[in-house]
1. Tell me, please, whether a residue that is surrounded by fewer than 24 Cβ atoms within 10 Å (Cβ to Cβ), assigned to a loop (DSSP other than H, G, I, E, B) and away from chain A (no Cβ under 14 Å) can be found in the range B:551-559.
2. Inside the range B:413-448, can you point out the residues that are under 30 Å from the mean Cα position of the chain (by Cα), within 22 Å of B:VAL386 (Cα to Cα) and either surrounded by fewer than 15 Cβ atoms within 10 Å (Cβ to Cβ) or among the hydrophobic types (A, V, I, L, M, F, W, C) (or both)?
3. State which residue pairs qualify: first residue within 7 Å of chain B (Cβ to nearest Cβ) and inside the range A:419-430, second residue assigned to a helix (DSSP H, G or I) and surrounded by fewer than 22 Cβ atoms within 10 Å (Cβ to Cβ) in any location, beta carbons under 8 Å apart, and separation of 6 or more residues or different chains.
4. Look through A:VAL34, A:VAL71, A:VAL14, A:VAL53 and report the one residue that is touching a residue at least 24 places away in the same chain (Cβ under 8 Å), among the hydrophobic types (A, V, I, L, M, F, W, C) and more than 29 Å from B:VAL83 (Cβ to Cβ).
5. If I filter the range A:152-170 for residues that are outside the structural domain of A:MET47 (by TED's automatic domain parsing), within 19 Å of B:ALA46 (Cβ to Cβ), within 26 Å of the chain's Cα centre (by Cα) and assigned to a loop (DSSP other than H, G, I, E, B), do I get at least one hit?
6. May I ask you to verify whether B:GLN366 is away from every other protein chain (no Cβ under 14 Å), surrounded by fewer than 23 Cβ atoms within 10 Å (Cβ to Cβ) and under 31 Å from the mean Cα position of the chain (by Cα)?
7. Within 14 Å of another protein chain (Cβ to nearest Cβ), closer than 22 Å to A:ASP256 by Cβ, among the basic types (Lys, Arg) and more than 26 Å from the chain's Cα centre (by Cα) - does that describe any residue in the range A:357-373?
8. Just a yes or no: is a residue in the range C:21-28 among the charged types (D, E, K, R), surrounded by 22 or more Cβ atoms within 10 Å (Cβ to Cβ) and without any contact (Cβ under 8 Å) to a residue 12 or more places away in the chain?
Amino acid sequence: MPFAGKKLYDALVVGGGIAGIESALNLANNNLKVLLVEKDLTLGGKMIMLSKVFPTLDCSACITTPKISEVARHPNITILTNTNILQIEKQDKNYFKARIKEKARYVNISDCTGCQLCEEACPVVVPDQYQYDLVGRKAAYIPFNIASPRVASIDMDNCVLCGACEKACPTGCIDFTQEDKEYEIIAKTVIMATGFNLFDPLKIPRFSYGNSKNVITALQMERLLAPTRPYNHVLRPGDGQVPCNIAYVLCAGSRDLSVGNPICSQICCMYSIKQAQLLMGALPMADVTIYYINIRSFGKGFEEFYEQAKGMGVNFVKGKVGKITETDNGNLILWYEDINQGKVIEKKHDLVVLSVGVLANDEPKKLIQGWEKDEYSFAHQKDLFYTPSLSSIEGVFLAGTTSGPMDIPDSILSAGSAAMEAIRYVKQTSIDL
Amino acid sequence: MKQRIGVYICHCGGNISDYVDVEKVREAVAQNDGVLIAKTTMFACADSNQKGMVQDIKENQLDGVVVASCSPKLHEITFKAVVERAGLNKYNYVHANIREQVSWPHSDNKAGATQKAIQIVKAAIAKVRLSEAIEPLEVDTTQAVLVIGAGVAGMKAAISLSKMGTKVYLIEREPFIGGRIAQWDVLCLTNETGKELVSRLYTEIVSNKNIALYTGAQLVDCKGSIGNFTAKVKLSPRYVKETCIDKEILKKAINACPVEVPDEFNFGITKRRAIYHNFPAEYPQTAVIDMNSCTRCGKCTEICDKIDLNMKEEFLELKVGSILVATGFDPYTPNEGEFGYNVIDNVITLSQFKRLLAFSEPGKLQWHDKPVKNVAYIYCVGSRQVDGNNKYCSRYCCTATINTALKSNDKFPELNHFHFTRGIRTYGKQEQLYHNASKSGHVFFQSYEDDPCRVEHKNNKTTVKINDILTNRKELEVEADIVVLVTGMVPRSNNNISDILKLPRGRDNFFNEIHMKLRPVETVIDGITIAGACQGPKNVVESINSALSAAIKTYSFVGKDKLMVKPEVAEVTPDLCKWCDECTKACPFDAIFKNEQGVAQVNETVCKGCGMCLPVCPTNAIQLKTFSDIEIASMIDVLANEL
Amino acid sequence: MSTSENPRILVFSTVKISDPAIDMAGLLKLHYSSKVYTISVPCSSAVKPRWILRALEKDFDGVFIAADGTDCPYGESCTEKTGEIVKKTHQLMKERNIDPIRLKMAAICSVCSEPFIKQINNFSNTLLNLKTKE
């Protein structure tokens, strides 16, 4: 449902990734009026960018898009994309006041047909953040094909104001005079589904990320493997060659006090095993080696999935990678401490994937007064076992990775849990009013 | 006959189109009788394609739609909703499965896969051509829920549902509630104990008038379907009346009992009488007599007149709209001799060790009167089995063991800990516990997958030997005062719930959800949800999250007083019926009766559409909607007629 | 009866029990003959003998009923009832001079992907032998 300036809602859901989407659907299906706010141009969060998901190997888009589609047409859900929360304040009588800012898109959403003529016309090319900078995009652009809403937007930071897109647009929906709009809304309960940040491998210079083009992150590999992938083939970014000897470095930025992140990210082992399986399919001649400390395939069907990867010929090496250096032809030397032999060994690979981990997104701290975080900057769970989704603030509930690393099935269950508590809270506080 | 049919063939981003030539399929069906539009699409399920379909249907007044994509289990509902949004009846939609049943199993044979896809799509077109619009049926819903299992998952789900105003019947098979967590004592990442958590939940349950709690209550039969289940529950008596409040007399009565049996609460490492309390986690707070071990000697009744050995079991009939199953797990029981279990005296399981730590007085820990100093933990017992059937990881045990070991030192500072692992899996924030343990001097070994550690008992000494990964297969050994087998989770044994409710199990033998991400708490039986560790190993937080997810799903079934049910029911052609009674005998739901005209008639809201009545009719007078003779025959003809 | 390559088999599968197993066979990339087609019905004891006869009289070499067995969500009587249908159809097949071997039934549970492949391969071989004999 379009926003149309409506002020009162039962629930405000912050974040339009899989946890926010699942929460919103659960609330709306039980007749609560929901405002779903997403800071990005599209719903879907990180999940929609993935290739396939473990351990069932369903394509990620096949799981996300129907849910997004249901959210988009739900009569009880209002969606605001490209919108920031400025502040949420708890008021008396158990309701929340939120100030939100809908950023200018310079495109009138309701008139845009997603024809992409503006994209063709735009002369500006910048790295495409939705493809993790593997390829370029225009300044006038649609994030990606299965974006929701699938409409254009003008990236004003890079736009040269040439007006080419305006001329090309058949519906005249491009509007350079658009301005950011601020609104104030009231909600009885809030679900924070603000997700996580990826570890930035530039913080570990010895892995050569940023210096060697053929050292990439696992999220970049997701894009290379995805059905909507940039090169339509798995190629190494340095020179476009088909890689034939690929290494995965697990725990890149996780379980590592030296980068300030002592905890395990919970997902990297499994997504790396999944990518290895997909690579064996996409590049049947390639060797795939996974360097690990411990393989943590703990969920339903995960251990079996790990065994399956071993059976397919993925090479698992127990050893901690110390450094990665580049040779003249863009190949890489990987130095690791081999646990079996007790010494440092050098191995040559032509593509290295860093299995980067999950870091807390501590933005909520700036948005709500009374927000407490744990020692890793994830949301504090006030009553961990009795009400896992309860934040430090009564009436504010936590869905998905807001409270810690989680895989998709756990995020979905956590979203259901938060929605149940939020509905109960609304019902109980409404009686009290 | 539908003459304006739209057909959409999905690439599924390569999942289908890598093996099936979708363009060829499109060409092959585009000229089929009745087909107006035939298109291919990258993702049929994507919002943009859904919008495109709605537009196509409206602009071209399509009267039937076929989507050929993944299994109907995933997206048939999605596409039925699409055609409904465009104003078409959802029964004018037919789904063709060309992924799970074509592109994937025939990925070795692209030509064959393409040919099969063509036939399947043509058959779907043949069916949709004959399809008729049908309207859903409404049933009145019983606004009550049966929750099976009063462990933390079941209790939490019951509380949440009751707060939404739903009547909840919470049944527990054991005489006491709390499940495994009551026995677990220390929990991780919190100072709250299992007993405290259970106690909080129990207090809330007994003060809540919307929840009826029954202990010693076992589901014995269940009939009906979503909206209206009738569950039959057997209530075993406690044999101790609730009016028994004199604890001293009761204590004497218990002491008079001559029977001694292993105490399940302590996993058999202590004994109890046939009449017993369940200390320290006794909810409800009344003793009980275990009739399986009672000899009916009557000694206790002589002391306490509130004990009555002649109490009879009772049966309840509960009418509910939905059922939430939270029957939990059993700790794996090692086989005789597995790592010395039941053969070497000081080899016990983690569950037993946790109880030992809980009930032993602080100071010196003892096992069978010998002081315990060195504790060896052997991981993955009953999980990740190389030879056995339990291939899965039990998820909770690495963390639980390290946490138990760490916290044991608060009470027993002298304990040293040696962990014989297969790679520690303290995922997420739990990693901090592993870190703390390493820092506090716990010793960690890791065995090779094909070379487990060994427990030996010689000269009154128990040693654990391992060829350690971290020291390049060097054999290391530790002399242990007690060996703790870190046992995983297995589905509850003697759990007949799956037979009664017809719940399917997964490869790991736990109950199976429909889809881990799309419908993670629903089962193939409409109206029955699953929560907690009965679905697969989970820790407490994960169990509670799944319980609440199941609760909100359940609430969406019973929150309203009416539910829409499927109209795909059986239908009798009165002129053909000669009333022979065969169909009524075949119907498992008593949905067919003899009407005033003397012929068979189907009660549409009771009929579940199973079709068992179809083949038994001697005059072929019964048709099942959407599975009629002409529909099936048209599909057979198309599938048979390969070009 | 057609004589080209793999025998053509029509499987009557069930929506809730055997279909998931056949789907999972695909998910696990277990291969079987692409000449195997399914028509799914709510329950295996809903299959009318006339449907089976029609398939055999058209161009199918064999019909396989992937029965619910004891897992049937509609009740335990399913096994017996499906057995009854097979018996009745075998009788009708004899009357029409169709070799009863061309109709087979086996219970396929919701995770019986491998048993399904085994059953189908065995049935294929049986039908192939029958073809060569003829």
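1. no
2. Correct list: B:ILE424 only.
3. Once the first residue is within 7 Å of chain B (Cβ to nearest Cβ) and sits in the range A:419-430, its partners that are assigned to a helix (DSSP H, G or I) and surrounded by fewer than 22 Cβ atoms within 10 Å (Cβ to Cβ) give A:ARG424/B:LYS163; A:LYS427/B:LYS163; A:GLN428/B:LYS163.
4. Working: A:VAL34 fails: more than 29 Å from B:VAL83 (Cβ to Cβ); A:VAL71 fails: more than 29 Å from B:VAL83 (Cβ to Cβ); A:VAL53 fails: more than 29 Å from B:VAL83 (Cβ to Cβ).
So the residue among A:VAL34, A:VAL71, A:VAL14, A:VAL53 that is touching a residue at least 24 places away in the same chain (Cβ under 8 Å), among the hydrophobic types (A, V, I, L, M, F, W, C) and more than 29 Å from B:VAL83 (Cβ to Cβ) is A:VAL14.
5. Yes, the range A:152-170 has at least one match.
6. Values: away from every other protein chain (no Cβ under 14 Å): yes; surrounded by fewer than 23 Cβ atoms within 10 Å (Cβ to Cβ): yes; under 31 Å from the mean Cα position of the chain (by Cα): no.
No; evaluated as a whole, the condition is false for this residue.
7. The first filter runs over the range A:357-373 and keeps only residues within 14 Å of another protein chain (Cβ to nearest Cβ), leaving A:357-360, A:373.
Imposing the further condition that a residue be closer than 22 Å to A:ASP256 by Cβ reduces the set to A:357-360, A:373.
Then keep just the ones that are among the basic types (Lys, Arg); that gives A:373.
Imposing the further condition that a residue be more than 26 Å from the chain's Cα centre (by Cα) reduces the set to none.
No, because not a single residue in the range A:357-373 is within 14 Å of another protein chain (Cβ to nearest Cβ), closer than 22 Å to A:ASP256 by Cβ, among the basic types (Lys, Arg) and more than 26 Å from the chain's Cα centre (by Cα).
8. Filtering the range C:21-28 for residues among the charged types (D, E, K, R) gives C:23.
Cutting the leftovers down to surrounded by 22 or more Cβ atoms within 10 Å (Cβ to Cβ) gives us C:23.
Applying the additional criterion that residues be without any contact (Cβ under 8 Å) to a residue 12 or more places away in the chain yields C:23.
Looking through the range C:21-28, at least one residue is among the charged types (D, E, K, R), surrounded by 22 or more Cβ atoms within 10 Å (Cβ to Cβ) and without any contact (Cβ under 8 Å) to a residue 12 or more places away in the chain.
The values are calculated or read from the model by the stated rules, or taken from the named source; none is laboratory data. Computed from a prediction, not measured in an experiment: that's the story for all the values here. Note: ideal-geometry Cβ built from the backbone for every residue, glycine included; neighbour counts use all protein chains shown.
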